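Note sheet for the following structure.
Rule-based calculations on the coordinates, nothing more; no lab input. Everything numeric here is computed off the predicted structure, so don't read it as measured data. In this analysis, Cβ positions are derived from the backbone assuming ideal geometry, glycine residues included, and neighbour counts consider all displayed protein chains.
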Amino acid sequence: MQKLFIVVTIAVLGIILVSVSAHAGGLAFDRAGNLFMVDPDSHSIFKFTPDGTGSTFAVYKRWFSPDKKWENIKGDEPKIVKASTNEVALDLSDECQGSVDWSPDSKRFAFNCRGGGRWNGGASLYQLGGDKWKTLKSPNDAVLEILGKSIAAQVKKKGLPKKTDLRLIWQTVRVDQWIDSNTAIVFGDLHEVVRENTETRFDVHFLFTLKFDEAGNWKIVKTHQMSEKEVDEHG
């Protein structure tokens, strides 16, 4: 890769030689004399201190919606912006670290969180109205309710008391894919053990089909409990 060498002169500290990609997105200094370089290839902002020490200041990524009118920026402050601009259309920084899954017509998207601990953070849904994005009802509660009932049925089948104390191991809700602009497939799983006997474990995995109307209201039109083979193939 062709390199462009930029010589930065800083009083007292002398001369620093910084190697920068010839097509880097931009350079800037702060008041402390730190140099910041935007590299669109790696979707990173690099920081060089006055003594020449380099580090990654932030990582961001931008992906276009299917109609190329919007971009979702990943990183510490995820957001939706108008394509090829920094004009924020929807701030997602209050959500979590996660990923955007667009509907084919770019009028809706799901934001799937990557949570820590025992909960992946769930899924949020958004719909475009005019040029504004609005929040739709999340599928999390409805999915977790069905998963919980399935676990309860397993507990009953095993002959355990209805109020058996269970401890959560892991649970997930995420939008896996859009079948079309009004239909989304949601994956959900729930894993629990008996608190006083952790060798007794219960696991359920489901796929849910969500159907949306024009206003963005949705309902679950199909519920499918996955077999072990389907779970293995699903990954």
Pick out, in residue order, every one of the trypsin sites (Lys or Arg not before Pro) in the stretch 98-165 that is DSSP loop and has at most 10 other C-beta atoms within 10 Å; say none if there are none. Lys162, Lys163
Quick check: the distance between the Cα centres of the stretch 183-235 and the stretch 106-145, to the nearest angstrom? 16
In nm, give the distance between the simple-model label positions of Asp165 and His224, each being 7 Å from the Cα along the Cα-to-Cβ direction. 3.9
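Given +1 on the Cβ of Lys and Arg, -1 on the Cβ of Asp and Glu, and no further charges, what dipole in debye does the stretch 62-136 carry about its Cα centre, rounded to the nearest 20?
Details: 12 positive and 11 negative charges, 35 e Å.
The calculation lands at about 180 debye.
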